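Each remark here refers to the structure printed beneath this line.
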Amino acid sequence: MIVADTGAMLALLDTESAAHRVLLGAFRSCRDEWVLPWAILPELDHMVPGRVGPAVAEAFRVDLAEELYTIEWGGRSDLQRALELHHTYRNLSLGLVDGVVMAVAERLEARAIATLDLRDFGAVTLNGNPEIWPRDL
């Protein structure tokens, strides 16, 4: 599994992003393995229209509704693990979204997390030691 965070998905949707091509290549090579944690969806819905445009935002919403992406809805254990990570790495101020992304990656035993946030994701040690894409590609 490849667990995506908000920044990686934003770059994937934004053809002008410096990371777009490498993430698009990674996405195309293993599309069925990509998982979007529920927590990134509100952030994307808020950010995509302003950064990439309303047409891309609408197309992404349609793709979500048509189940072209796998969404991981998780549960209480993800929230508990996110809180543990937040307390363990309190100097990073991980917050709920990053914590949930990390918790989902651990629970699914992901081989990678797609993220541009190296400050937080690069500093946290997760069970299974998932790669950080695109850094580790």
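Among the residues of region 106-121, how many are over 18 Å from Leu10 (Cβ atoms) and touching a strand residue (DSSP E or B) at 6+ places or on another chain (Cβ under 8 Å)? It would help to see each step written out before you state the result.
In the first step, residues of region 106-121 are kept if they are over 18 Å from Leu10 (Cβ atoms); the result is 106-111.
Pick out the ones that are also touching a strand residue (DSSP E or B) at 6+ places or on another chain (Cβ under 8 Å) and you get 108, 110-111.
Number satisfying all stated conditions: 3.
Conditions tested, residue by residue: (1) within 17 Å of Pro134 (Cβ to Cβ); (2) touching a strand residue (DSSP E or B) at 6+ places or on another chain (Cβ under 8 Å).
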| position | (1), (2) |
| --- | --- |
| Leu12 | yes, yes |
| Leu23 | yes, yes |
| Ala39 | no, no |
| Ala55 | no, no |
| Glu58 | no, no |
| Arg61 | no, no |
| Gly74 | no, yes |
| Leu83 | no, no |
| Leu94 | no, no |
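Residues of region 73-88 being assigned to a loop (DSSP other than H, G, I, E, B) and either of a type in the set (A, V, I, L, M) or surrounded by 15 or more Cβ atoms within 10 Å (Cβ to Cβ) (or both), which ones?
Residue satisfying the conditions is Gly74 alone.
Given Val3, Val48, which one is over 24 Å from Asp136 (Cβ atoms) and among the aliphatic types (A, V, I, L, M)?
Numbers: Val3 fails: over 24 Å from Asp136 (Cβ atoms).
Within the list Val3, Val48, the selection yields Val48.
May I ask you to say which residue of Thr70, Thr6 is within 17 Å of the chain's Cα centre (by Cα), crowded, with 19+ Cβ neighbours inside 10 Å, under 20 Å from Glu131 (Cα atoms) and among the hydroxyl-bearing types (Ser, Thr, Tyr)?
Matching residue, one of Thr70, Thr6: Thr6.
Identify, please: which residue in region 15-38 is among the acidic types (Asp, Glu) and closer than 21 Å to Thr70 by Cβ and is, among those, surrounded by the most Cβ atoms within 10 Å (Cβ to Cβ)?
Checking each candidate, the answer is Glu33.
Assess whether Asp136 counts as being surrounded by fewer than 16 Cβ atoms within 10 Å (Cβ to Cβ), within 19 Å of Ile2 (Cα to Cα) and not hydroxyl-bearing (Ser, Thr, Tyr).
For Asp136, the condition - surrounded by fewer than 16 Cβ atoms within 10 Å (Cβ to Cβ), within 19 Å of Ile2 (Cα to Cα) and not hydroxyl-bearing (Ser, Thr, Tyr) - is met.
Would you check which residues across region 89-121 are modelled with pLDDT of 95 or more and either assigned to a loop (DSSP other than H, G, I, E, B) or among the aromatic types (Phe, Trp, Tyr) (or both) and list them?
If the condition is that a residue be modelled with pLDDT of 95 or more and either assigned to a loop (DSSP other than H, G, I, E, B) or among the aromatic types (Phe, Trp, Tyr) (or both), then Tyr89, Leu108, Glu109, Ala110, Arg111, Thr115, Leu116, Asp117, Phe121 are the ones that fit.
The values are calculated or read from the model by the stated rules, or taken from the named source; none is laboratory data. For clarity, every value in this text was computed on a predicted model and none was experimentally measured. Glycine gets a Cβ as well: all are built from the backbone with ideal geometry, and neighbour counts include every protein chain shown.
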